[in-house]
Ligand code: SGN
Ligand code: CA
């Protein structure tokens, strides 16, 4: 953990000068912060980062007059999660916003709230995408969800939506400037977060940039035709390729259905076009129609081979993307000009960043999510006159969880110990040079399983030279040497020459997970990418919605087995007792956590829930017993919150394996030793019936557990009999 920065001295000075009560005096000390942020803007499309494909003079100005960070990384490369990491200074598993679609808990500790506490005015205008309303801001005006490029709606602080005529990037800039000029209190320091929608999909540019790149081709990336060989097999399953996953209307800006279904998906029309006024539509069509007609003509005449079609798609995509960025750059220029005009430049920190990077055709992709460089990287430019010299260029490994701590320290506020990021202020004062104790590796985790673009859950670490990724879905490691293979085309995890490096990186991975409190057993996880799991989960949710159950069994395959080898016993014991089976084979604690918070409890209010879970945590991943116990605890907490009247029979995990020294069995015993303490004897009653399945010498008979893990019909009968007195005692 970073040390708590105690700013008592500053506080005394502020108090003596009256600053705490008369904030105007503070302005010289407390810098304003203008946080300009965009969505999906990859560093390789910023001049200062060496872009080969576009020019961004205004963004470059921030770098030129301040610092550029070349090793700036995202903690979780997706929109809402990245924003939650920034607000909280914590990795996703602790701030609770793991994937788009979660709802941000605004009552948790966030840096804007803490800045308010030290006298700042806080404002956010633009894309928010965290579902709940912004908390900790004196002023906010945010796009609903993803927002729109054309004639966007913005949610007002009273909850009403206001529609603006015009182009989103310009409107967000206008409104941010209006707040600076007219609404803020000039006697107080401010943090203004100006957050663009652009250049997010579907990359709809403004009219003034329609003709940019009109008559030129944009350079293609080297890896546009990546075949995904030599890396995790899961790469092949992606649904974010230029080749297969662009929509004719939405992405490629054609009207109607595609005549070429082999090359283009057809589902999504261009929703932006539908929002346009007649004049906007006319301007749009004047720009796109001739090119579209020409492409259709060439396709119909058979002039284009598959490769050329892909190249055409790349040009359409990248040009629109870059045109959107040009408008962001224009907006940044207007903001910087205003700071000059209003004489605010000297006392204002300006940062530019984006929620993550993006694939601009690299690896044949658009979108983000993967831990490969293009989407792991985030731009981070910062200007701080008087502190950062012009032209600082830093290779320090920074992350979005560092922004909050940095702003807090700059504002003279304490950085709470619970924030996992670190303040960059000392490094900024040292012109981008990290101290000896600065981090040597970053931790990354992506959780959005079973979602758009089908990128698997994975996590990993990156040092200045190596990157290690772990894919739980296939249980694969991938290791990249960024010096010899900067484009990450070949994993070297199995190369004997890298054996020591692999071992070292795996240790770094384990240690960083411990350092950041990453316990997979407690992080809600869906297996929705597995059709059988998805179907069973959905059917249980449907059944649970019907409501009437007195008894619920919750668990993994051993519980699910009541419908298989245990069926006769189930019918006998529970057939007439309104019982529901919420077991899914292969589940670990994290999956049960997901299910119970994503519909599986439906409307049920059972008298008794019988819970047994954890054997797969041990069997599949060798999670530590304490980690698994924490997972069980979380499940009990969920049950307490959602079903406060329900009594829980918490089973010790059944024994497994051939003999008493079977390692997986020992792990279950260790878990049981911990979870039995979670029972209060009232709401939660611990019940261990494992001895029912053991022979006198501690072995397990195959007539009871044919595979030494799952019960036979006889085994189920023994389970039911051992459980019965407890159920009776609990009123069933
Ligand atoms: C939308 C996009 C996806 C994108 C996600 C997340 N589809 O679903 O391409 O990956 O947002 O983006 S779209 O058809 O709506 O454009 S994020 O930046 O918000 O995380
Ligand atoms: Ca984004």
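The values are calculated or read from the model by the stated rules, or taken from the named source; none is laboratory data. Quantities reported herein were computed from a predicted structural model and do not represent experimental measurements. Virtual Cβ from ideal backbone geometry, glycine too; neighbours counted across all protein chains shown.
Values computed for the structure shown
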{"item": "Complete set of residues in the range 545-563 that are in contact (Cβ under 8 Å) with a residue 60 or more places away in the chain, surrounded by fewer than 20 Cβ atoms within 10 Å (Cβ to Cβ) and assigned to a helix (DSSP H, G or I)", "result": "557"}
{"item": "Test: residue in the range 204-220 that is in a loop (DSSP other than H, G, I, E, B), under 27 Å from the mean Cα position of the chain (by Cα) and farther than 30 Å from residue 473 by Cα", "result": "yes"}
{"item": "The range 359-377: number of residues that are within 21 Å of residue 443 (Cβ to Cβ) and either within 12 Å of ligand 1 (Cβ to nearest atom) or at pLDDT below 95 (or both)", "result": "4"}
{"item": "Subset of the range 54-84 (residues that are within 16 Å of ligand 2 (Cβ to nearest atom), touching a strand residue (DSSP E or B) at 6+ places or on another chain (Cβ under 6 Å) and under 24 Å from residue 429 (Cα atoms))", "result": "72, 73"}
{"item": "Close pairs (8 angstrom Cβ cut-off, 6 or more residues apart or separate chains): on the phi > 0 side of the Ramachandran plot in the range 351-373, within 15 Å of ligand 2 (Cβ to nearest atom) and not in a loop (DSSP other than H, G, I, E, B) anywhere", "result": "363/374; 367/375; 369/375; 369/446"}
{"item": "From 105, 138, residue being over 26 Å from the mean Cα position of the chain (by Cα) and surrounded by fewer than 24 Cβ atoms within 10 Å (Cβ to Cβ)", "result": "138"}
{"item": "Residue check, residue 527 in contact with a helix residue (DSSP H, G or I) (Cβ under 6 Å, 6 or more places away or on another chain) and outside any strand (DSSP E or B)", "result": "yes"}
{"item": "Yes/no for residue 185 being touching a strand residue (DSSP E or B) at 6+ places or on another chain (Cβ under 8 Å), surrounded by fewer than 20 Cβ atoms within 10 Å (Cβ to Cβ) and not in a helix (DSSP H, G or I)", "result": "yes"}
{"item": "Residue in the range 153-163 that is touching a residue at least 12 places away in the same chain (Cβ under 8 Å), closer than 14 Å to residue 275 by Cβ and more than 25 Å from the chain's Cα centre (by Cα) present", "result": "yes"}
{"item": "Those helices (runs of 4 or more DSSP H) lying entirely in the range 1-98 with at least 1 residues closer than 17 Å to residue 413 by Cβ and at pLDDT 95 or above", "result": "79-88"}
{"item": "One residue from 535, 483 being outside any helix (DSSP H, G or I), without any contact (Cβ under 8 Å) to a residue 24 or more places away in the chain and surrounded by fewer than 20 Cβ atoms within 10 Å (Cβ to Cβ)", "result": "483"}
{"item": "Search result, residues across the range 227-244 that are assigned to a loop (DSSP other than H, G, I, E, B), surrounded by fewer than 20 Cβ atoms within 10 Å (Cβ to Cβ) and on the phi < 0 side of the Ramachandran plot", "result": "227, 229, 239, 243, 244"}
{"item": "The range 432-455 residues that are farther than 24 Å from residue 508 by Cα, paired with ones that are in a strand (DSSP E or B) (beta carbon under 6 Å, 6 or more apart)", "result": "432/67; 432/392; 432/394"}
{"item": "Count of the range 84-102 residues which are surrounded by fewer than 24 Cβ atoms within 10 Å (Cβ to Cβ) and within 12 Å of ligand 1 (Cβ to nearest atom)", "result": "4"}
{"item": "Those helices (runs of 4 or more DSSP H) lying entirely in the range 249-347 with at least 3 residues more than 16 Å from ligand 2 (Cβ to nearest atom), surrounded by fewer than 16 Cβ atoms within 10 Å (Cβ to Cβ) and at pLDDT 95 or above", "result": "278-300, 306-341"}
{"item": "Failed criterion for residue 437 (all others in (1) within 24 Å of the chain's Cα centre (by Cα); (2) in a loop (DSSP other than H, G, I, E, B) hold)", "result": "(1)"}
{"item": "Out of 676, 683, sole residue that is free of Cβ contacts under 8 Å to residues at least 40 places away in the same chain, over 20 Å from residue 709 (Cβ atoms) and surrounded by 14 or more Cβ atoms within 10 Å (Cβ to Cβ)", "result": "676"}
